[in-house]
Each structure stands twice: as C-alpha cells, then as structure tokens.
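One structure is given below, encoded as structure tokens.
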Amino acid sequence: MGYLYHGLLLIYAISICKNKVSLYKLLSNSLSWILYRTNMESSGESKFDTNCVVEANEIARLRAAYFADTNRNKVDLIVGAYRDDNGNLWPLPVVRKVEEEIVKDTTQDYEYLRALGDESFTSAASRLLLGGESMAITEERVASIQSVSGTGALWIGAKYLSSVLNYNTFYMSSPTWNNHRSIFECSGLTDAREYRYWDPATRSIDMEGLLEDLRNAPKKSVIILQACSHNPTGLDPTRHQWSQIVDVLEERGLLPLLDCAYQGFASGDIHQDAWTVRYFEKRGLEFMCAQSFAKNMGLYSERVGCLIAVINNKRCLLQYLNHMENIVRSAYCNPPKHGCQIVLRILQSSEHFQEWIENVATMSKRVKRVRRELQERLESLETPGNWNHITQQIGMFSYTGLTCK
Amino acid sequence: MIGKAFKLSAFSRGTFWPIFFEIRTTLPCFQCSSFSSSRKCGGNDSKNKPERKKKGGGSDSKKTHSKDVCGGGGKPNKDKSSEGKLKGEIYTKGTSINKECKKDYKLGISEDCGRLGSSKYGGRKLTSADICATVGQRSCPGSKPTKDDKVIKGKKGWWSDVEMGPPDAILGLTEAFNRSKDDRKVNVGVGAYRDDNGEPYVFSCIREAEKRLLAKALNKEYIPIVGTVEFCKLCVELALGEGSPPIKNGNYCAAQALSGTGALRIGAEVIQRLSNGNKEIFFPTPTWGNHARVFTHAGLKINKYRHYDEKTNSFDYDGSLQDIEKIPESSVVLFHACAHNPTGVDPPQKQWESLSKLVKQKNLLSFFDMAYQGFATGDFNNDAFAPRQFVKDGNQIMLAQSFAKNLGLYGERVGCFSIVTSSKEEAESLLSQIKIIIRGMYSSPPIHGQRLVAEVLKDPELRCIWECELGAISSRIIKIRKDLRQKLEALGSKKDWKHITDQIGMFCFTGLTEEQAVRLTKEFEIYLTKNGRISMAGVTSKNVDYIAKCMHEVTK
C-alpha cells in the first residue's frame, strides 16, 4: 500500500513538474527512497522481531489516562511526587537558591566524578543517615557509593549480591513498591519471595506472619525492608516490632537491605525517620541501605542517591568497594554530578541545611494535615468502615482499603 | 508481567553455591576466629565453649591483642536513649573466649566468631568501646588478617570470602598522577579535554544554557523512563541527519542513557534479552578498555577483529575485511564511528563504504559507539559519516551517543541509545522493552545534562557558538599533533612519527611499547596508559617540548 500511495503521488508530482531540473531531482529522490525501503525490507526477518509490545505498568497507564482525561475535576492520586496545596509541583526553595549559587560559581566544572561518586557527598549522605554519632562511621566500617537515586542504589546493590556474593533469593514485603521485584530479577536474583506485611482484615502489619516468613527464609536470603514511610501501605513497624524483626534477622543470619526513600519526609524529623537504620547499626548488624534524595529534597529527576553498606571488616570493605567500582564501570562509569552538588551544598552549609529541614517539615506537615482532614471528612460523611488507618499510616502513600472495584 | 516480557533464560545466570557457604557459616570457631571447618584449633569442642561472664572492667577496646582472641571489652554504655527500653535490644551474647586475657569478653566474639546482640544470652549493653581490634592468630587456620585489619567486632560477615577485584587501568593512573608531588608531572592518560593551560574547559554555550535554564525555573519532576521525546529526537537528528529516512519514517527508537557507557549497556542488555541473533559481540583490536566489561557484565560473549596495523600505524583494512568475513551471521560488530579510541585511526570514507556493504551482506548487527561527533574534525556531518552510510545501505544499526566530550558534559552523564528498526511497529515494541530494562536499572535518567544538551541543540545561536568552540578545540588538537611530531623529528628521532598527525581525535597511539610507557611514567612523570596511548588533550604548548624530549629519550 505504501508503494501504491507513493507511486500515485509520484505520477501527480511529475505531471506538475515545471522543468527538467525539478523533474530530475524528483526522480532521483524517489529512486533513493525506493532503494532505501528495498534495502530495509530485503532482509525479511529482523533480529528484534519480538511480536510483542509490553504493556506499560499500572502507574504509567493510569498517568496516561489522567493526562488524556479532559474532565476539569480530575484528581491525580497516583504518582509519588509531592504537590503543594494547589496541586502544583513544589520545588524546594533551598534547592533553587543552591542552583543559583552553582550557576554563579565560575569554578564549577563538569569533570567526571569517581566511579563511586563524590567523596564529600557520600560522606555527608551517610552521616545524614547514620547520624553524627555513628560508631560505624567513626570506626570506618561504612562504605558509601553515590548512585542514580534510590533505584540505582538498589540496582548496583542487587548486582553485587547476585554476581559477587551469589545470592539468588530475595524477600519483599507483601505488598511492596512495584519496582523492587524488577530491579532484583533484572540483576540476576531469580528466587523472588514475599513476607507477609499488610493484613487487610485489620489494616495493620501482620507481625506474626512476617516473623514466621523470615524464620522460614533460607539462610542466604536478602530481605528488603523499608526504613520508613512504607510504600505503598504507609504502615511502618513500631520500634518494638523492629526489634523483633532484627532478632529474627540475626538468628537466621539473613542480609537486610533497607530502602530509605523518605528520610525527613515521613515524620518531618530526619532523625526520627532514620531511627530504623541507626537501630540496625547499633544492633551490630551488617546491612545495606539504599538512600534517595528524590522526595526529601524534591530532586526527583536529578537522580541522586547513595548505597550505604555497614561492613564489620575493613579488608572486606575495601574488597566490596573494589567490586562495586567494577560494577559501576560496567554500567555507566560514574554517577551524574549536578544533583549531588545540590545535596552536598545543602548538607555542608548550616544555613541551607536549616532551611532544608524547614522545607521538609512543611511537606510533611501538609501530608499529615490532609490525612487528618480526609479522615474527618469521611467520618462526617458517615462513610462505612473504620478510617483510622489513614492517620495511623505515614508518609506519602495510604493504603485506603478500597477494593479494586 | 516480567515473565511475559523476558525470556526465562535471562534470569538463569550466576552460580549458586549455598552448600559450601552454609558449611562455613555454621561452624564458627569460638577460640580463634577461624571459620575453618577442619577445626584444627579445636575451637568448637565442648570444653572450649565460651563461658558467660558478668560484666567486668573494661579496657581500651581498640588496643590490638597480638596473641589473644579478643571478644571485646569496655565500659557499660550510659546511653539513655529510648532504644534501651526495648527487650533485648542491644544486649550481647556473653562469651569468654580466652581465659588468659583479662579483658572483659562479654561482648560478642572477635572477628569471625559467633554472633552479637541476641537477647537470649542476656549480657550487658553494647558500648562504644566494645571493639575487638584484632583476631587471634594461634595455630588455627582460617583468615589471618594483617595488622591493618582492624576488625571491629562480630561475626564473619557476608563479605568475608570476597576476593579483590581487578583495578581500573585508567583511573588508577589518574590516582597515581594526583598522588605525585613532582612538578614535572603530566597527565596524558584520561580522556577529558584540557585547554592550552591544562585546565578543564567548560563550553561557553553550556554556561549560557545554564543561565537560561535557571531563568526558566523549571521543575524537577520525573521525566519519562526513556527521557523526553524532544531530547531523543534531537540526538538522533544530530547523529543521522535531519532528513534521514528512519527519522522521517519513524522506524527508529531512542532512549536517553547515562552517557555513552550507559547507552552501550542498554544496547548490551537489549541484545542479551531480546535479540534472536548470535549473542556475541566483536570488538576492533584494540578498543576502549571498558567495552569488554560492559558487554561481559550484560552476559554477551566477546570476540575481536583486526583494526590497527602496528607495522604501519594505520587502519588494517584487509585484516578487518578478512576477519569480518569470518564472523558468524547475525553476530554483533562494534565500530567506533570516529576518532577511534585508543588508536585515533579511522578508516577513510571509501573503506567505510566497503565495510558497510560487507556487514549488510553478512547480516551482522552493527553497534556504533559515537563518543566524539564534532570533536574529531569539528564537523558533525563528517564525523557521523560511518553510521549514516551504514543506515543508507540498509543496515539496522544500534548507536550509542555521548555528549561527554563534544559538549564537555563529562560528569552529567548525558547520552542517547538508539536503534534503527525495520518498521515503526517494531520500534514501538522495542521501546516498550527498553523501558522495562531501564526501569529495572535506575528508573529514569538524570534531567540536568539532557536539558543543557537540548537547550544547545535547539537554539540556533547556542548551536552556532558550540560549532565554533568545537572547531577551535579540534584545531588545537590538530595543531598540537603537528607540534609534537615536529619536535620529535627536530630532536633527531629515527622513528617514524607520521602517525601522530595521521591519527585523529583525542587519542594518539604512539607506538611505544609497554616498557617504554612505564619508563615514561616512572622516570619522567608522564602518565599514560601502558598500551602507549596518550590523550592529545593533555598535551599543551607548555609541555609539548618536555613530552617530545622524554618520548625521544625512551625510544632512541
């Protein structure tokens, strides 16, 4: 059909050609195009003939539907990015200020970072997470690697666990962030398992089920845990529940991998939200933690993160860094600079840091307030059911308890 | 969903030796910190089982115990944090490792032994001084750490059996350069452009683009997994030309990548997971040192074909054709689009045309690594001749583009991966798969670098400034090549240095042997890679005399 259409067009074009020059040009262009198409199709089979278009994931589909919807009253409750009270994106004021500084700084260049990232950044990031009094930092037992946001941290961590430590089994909470599974499977860990977490009947954590599943986990398992503001349920274990979890992790010799994407964003207090990670350290566990600055600094698309590992042996730590450098070099050589420069300037300047704390508290307060208001409105409407879980949950997401229908 | 998208074989990689690992972890030695299953030290005999002791006096827990096995020691923690209220929270396993040592060993056992922090065993609270600095040596086999091995506490970790990985040749060079305090030092190792003062160069068009972006006050919302459509289109137009048929017909797909390396990796994953062809890639010999790592980590087999003729210091056309002729059908062949790294030797256009026809005839998948478009000759069209010719001849190429060198955005990691496909539908299905690959790696690409590139590419004024700057850069490199050659010849060198000016781009394959290269570094503080590659960008009018003199010295 393509050829027929273009043939008819050619005949028409020839008929309206005013002179020989334009006719020759027309014929030569057409011939080139025909030759090109013939070349493209002559091989017949394609090496990439998959006969399969993969459907976009649920979030992408919903977002596409949202943007296509012309209803003025539409509401976007899908994507995990902060909005202000007018539903608009809210770039943090401190980030704007820092970016202005960077542009005005004529000494700023675009040179490569090390494969493991900017050392000042990784040092500041791990100090933010583990706390200024962290013994692991003092004793130089912390290996920090700049990553392409939290996802990138999980990715290189999983790659290391799979290719160097030969892990194959990993556990995720049921439910969990929908990308956890993809990252680990794409990194080579094929045995995906879930531990019980959300109990729909009580709308709380199924601790008994969780602990039982961890006790039954094979010794060589990675356990993905979310440090705070669980995605998607918004339900975090209490401190007592964390101690029970750590007891089992220790008992079974399981390797915890904490996903910390909301430090500061969950409660408004960076120390409170980091409690879980710091507790793991205090208990003497070796663990890894994927840290992200996407939400708490609003740097979503700058892709800034850190993979932090607490390792009890300095020799092993050096080996670990060596292998991670190899993994990073095989994937993207070194991490992106701009986002990490923003984070570094914020963390290193007491003025910017203070302003950041206030910005984070603003975001967190608004989220808590709307949780309260939503619950109050539902209760005033006498909506059937108990809506306490909306305010009991924390962070960006809420598992409403609504059915699929 | 993932299962539908991928072939199952993609997930069956990797060895798994749980049994071996299990044995080692279940037999900790309480005496000597060994994990040896042979138990030669008798550490696990019942008579040597650790005793539980009440807390005793602490000592400086960071002291090294040369003979004893230290289980720790220190004063009780007076921390009154709320954690203390939790049951068994920071209590430790009580053990007594070595009766001879008068330290308090209540806290967990040294390096490779036992566990910490279990509430079952009672014991006192963990303290900051609870550090075991070393491991007993004794007669027990197992890990024998050195005095630097400040093992702090606890059991044998998950990382204890890991061996050291190979160091990076180029980055190790830069580190050595940075450490050196010799005034004479010159770094001609790493491939980042330097101006004539040896300083990093930031493009003026980029500085201007930064100011414009700041003024626009754009947000930092997530961008699509494959980057923005606008950016990808601009990249492919730059590479293939605006009027190129794949662009007009839409039979291509493109994704923003983490610079050239990221684009290569995406391509490698695409081939490994999705290609029906032979999953083996052939590199030119020599090639960039990191190519093998990228593709091996993705699971492809690697092989090679001839590119550089050492005798003539030029492109081995016949050798290249002969080797490509033997490549099995539907394999992947990697080409450097221009400014070959490390040799600087590119085939002339006529030879590219022959290669293109041969590759088409053999039904091979060409993968172009284009890291220097515009940087090599100062002309985008010239530098992109090879991929454009291949496309014209009907090859469905893969392309990895980088803006690290030609826009100086090294650290921003901006690049683009694209594939020319046989149809628009095929392009759509491939793109949907690429999204899954990227989502499982880093979710979405960084925004800042791509905004800078897009700003320059779509603004005629900035683009003009860019082209002028590129022209100046490539001119400087061409001139410095001439200078270096002239100076070597003026020194009376009997070696033929013609190849210095024949080669193109950032790198020059000097023809120095490894021994000569090492001598240049050790004796003269000139840091270059052992294969004799020097980065011409590191050569300036101020150091060219010195470099020429030293090169002459090691080759006479």
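The values are calculated or read from the model by the stated rules, or taken from the named source; none is laboratory data. All values derive from a computational prediction rather than experimental measurement. Here the Cβ positions follow ideal geometry from the backbone for every residue, glycine too, while neighbour counts run over all protein chains shown.
One table, with the values for the structure above:
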{"item": "Residue match in the range A:223-237 (condition: at pLDDT 95 or above, within 14 Å of chain B (Cβ to nearest Cβ) and surrounded by fewer than 24 Cβ atoms within 10 Å (Cβ to Cβ))", "result": "yes"}
{"item": "One residue from A:Ser229, A:Ser221, A:Ser243 being within 30 Å of B:Gly299 (Cβ to Cβ), out of contact with any Pro (no Cβ under 8 Å at 6 or more places or on another chain) and not acidic (Asp, Glu)", "result": "A:Ser221"}
{"item": "Candidate set: the range B:272-290, residues that are more than 21 Å from B:Gln396 (Cα to Cα) and within 10 Å of chain A (Cβ to nearest Cβ); chosen: the one modelled with the highest pLDDT", "result": "B:Asn290"}
{"item": "Qualifying helices (runs of 4 or more DSSP H) (wholly inside the range B:451-556; at least 2 residues being within 28 Å of the chain's Cα centre (by Cα))", "result": "B:460-490, B:514-524"}
{"item": "Selection status of B:Gln396, in a loop (DSSP other than H, G, I, E, B), surrounded by fewer than 24 Cβ atoms within 10 Å (Cβ to Cβ) and touching a strand residue (DSSP E or B) at 6+ places or on another chain (Cβ under 8 Å)", "result": "yes"}
{"item": "Test: B:Ala257 is surrounded by 18 or more Cβ atoms within 10 Å (Cβ to Cβ), part of a strand (DSSP E or B), under 20 Å from the mean Cα position of the chain (by Cα) and within 10 Å of chain A (Cβ to nearest Cβ)", "result": "yes"}
{"item": "Residue ID - nearest to the other protein chains (Cβ to nearest Cβ), chosen from residues in the range A:288-325 that are of a type in the set (Lys, Arg) and within 18 Å of the chain's Cα centre (by Cα)", "result": "A:Arg303"}
{"item": "Condition check for B:Asn278: under 19 Å from B:Phe390 (Cβ atoms) and more than 24 Å from the chain's Cα centre (by Cα)", "result": "yes"}
{"item": "Cβ-Cβ under 9 Å pairs, at least 6 apart or on other chains, the range B:160-188 side more than 7 Å from chain A (Cβ to nearest Cβ), far side exposed (fewer than 13 other Cβ atoms within 10 Å of the Cβ) and at pLDDT below 85", "result": "B:Asn187/B:Asn178"}
{"item": "Residues of the range B:171-189 satisfying the condition of being crowded, with 19+ Cβ neighbours inside 10 Å and modelled with pLDDT under 80", "result": "B:Leu173"}
{"item": "Options A:Leu258, A:Leu161, A:Leu211; residue that is surrounded by fewer than 23 Cβ atoms within 10 Å (Cβ to Cβ), in a helix (DSSP H, G or I) and modelled with pLDDT of 95 or more", "result": "A:Leu211"}
{"item": "Only listed residue being more than 9 Å from chain B (Cβ to nearest Cβ) and under 24 Å from A:Asn231 (Cα atoms), chosen from A:Leu128, A:Leu161", "result": "A:Leu128"}
{"item": "Test: residue in the range B:291-302 that is small (Gly, Ala, Ser), outside any loop (DSSP other than H, G, I, E, B), under 21 Å from the mean Cα position of the chain (by Cα) and on the phi < 0 side of the Ramachandran plot", "result": "yes"}
{"item": "Test: residue in the range A:95-113 that is touching a helix residue (DSSP H, G or I) at 6+ places or on another chain (Cβ under 8 Å), among the hydrophobic types (A, V, I, L, M, F, W, C) and assigned to a loop (DSSP other than H, G, I, E, B)", "result": "yes"}
{"item": "Unique residue being at negative phi, more than 8 Å from chain B (Cβ to nearest Cβ) and surrounded by fewer than 24 Cβ atoms within 10 Å (Cβ to Cβ) when the list is A:Ile137, A:Ile145", "result": "A:Ile137"}
{"item": "Some residue of the range A:261-273 being at the interface with another protein chain (Cβ under 9 Å from one of its Cβ atoms) and either part of a helix (DSSP H, G or I) or within 19 Å of A:Gly339 (Cβ to Cβ) (or both)", "result": "no"}
{"item": "Of the criteria (1) of a type in the set (Lys, Arg); (2) out of contact with any helix residue (DSSP H, G or I) (no Cβ under 8 Å at 6 or more places or on another chain); (3) touching a residue at least 12 places away in the same chain (Cβ under 8 Å), which one B:Arg273 fails", "result": "(2)"}
{"item": "In the range A:193-208, the residues that are farther than 19 Å from A:Leu255 by Cβ, at pLDDT 95 or above and not in a strand (DSSP E or B)", "result": "A:Asp206, A:Met207, A:Glu208"}
{"item": "Criterion: surrounded by fewer than 24 Cβ atoms within 10 Å (Cβ to Cβ), of a type outside the set (Phe, Trp, Tyr) and under 28 Å from A:Asn86 (Cα atoms) - qualifying residue of A:Ala361, A:Ala294", "result": "A:Ala361"}
{"item": "Verdict on B:Leu321 being hydrophobic (A, V, I, L, M, F, W, C), modelled with pLDDT of 95 or more and under 30 Å from B:Ile480 (Cβ atoms)", "result": "no"}
{"item": "Residue within the range B:414-422 that is within 20 Å of B:Val202 (Cα to Cα), over 26 Å from the mean Cα position of the chain (by Cα) and either more than 9 Å from chain A (Cβ to nearest Cβ) or assigned to a strand (DSSP E or B) (or both) present", "result": "no"}
{"item": "Tabulated pairs, the range A:343-363, first over 20 Å from A:Trp90 (Cα atoms), second surrounded by fewer than 19 Cβ atoms within 10 Å (Cβ to Cβ), C-beta under 6 angstrom, 6+ apart or interchain", "result": "A:Leu344/A:Ser120"}
{"item": "Those residues of the range A:326-339 which are facing chain B (nearest Cβ under 7 Å), touching a Pro at 6+ places or on another chain (Cβ under 9 Å) and part of a helix (DSSP H, G or I), in sequence order", "result": "A:Asn326, A:His338, A:Gly339"}
{"item": "Test: residue in the range A:180-198 that is away from every other protein chain (no Cβ under 14 Å) and either more than 25 Å from the chain's Cα centre (by Cα) or under 19 Å from A:Ala274 (Cα atoms) (or both)", "result": "no"}
{"item": "Residue count for the range A:239-260, restricted to those that are in contact with a strand residue (DSSP E or B) (Cβ under 9 Å, 6 or more places away or on another chain) and either more than 14 Å from chain B (Cβ to nearest Cβ) or of a type in the set (S, T, N, Q) (or both)", "result": "3"}
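Residue by residue, here is whether (1) in contact with a His (Cβ under 7 Å, 6 or more places away or on another chain); (2) within 11 Å of another protein chain (Cβ to nearest Cβ); (3) within 15 Å of B:Tyr305 (Cα to Cα); (4) surrounded by fewer than 23 Cβ atoms within 10 Å (Cβ to Cβ) holds:
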position: B:Val333; (1), (2), (3), (4): no, no, yes, no
position: B:Gly374; (1), (2), (3), (4): no, no, no, no
position: B:Asn381; (1), (2), (3), (4): no, no, no, yes
position: B:Ser402; (1), (2), (3), (4): no, yes, no, no
position: B:Asn406; (1), (2), (3), (4): no, no, no, no
position: B:Ala427; (1), (2), (3), (4): no, yes, no, yes
position: B:Lys435; (1), (2), (3), (4): no, yes, no, yes
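Listed here are the residues, each with its yes/no results for (1) at pLDDT 95 or above; (2) part of a loop (DSSP other than H, G, I, E, B); (3) among the hydroxyl-bearing types (Ser, Thr, Tyr).
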{"site": "B:Pro342", "(1), (2), (3)": "no, yes, no"}
{"site": "B:Lys350", "(1), (2), (3)": "yes, no, no"}
{"site": "B:Lys357", "(1), (2), (3)": "yes, no, no"}
{"site": "B:Phe368", "(1), (2), (3)": "yes, no, no"}
{"site": "B:Gln373", "(1), (2), (3)": "yes, yes, no"}
{"site": "B:Arg388", "(1), (2), (3)": "yes, no, no"}
{"site": "B:Gln401", "(1), (2), (3)": "yes, no, no"}
{"site": "B:Gly408", "(1), (2), (3)": "yes, yes, no"}
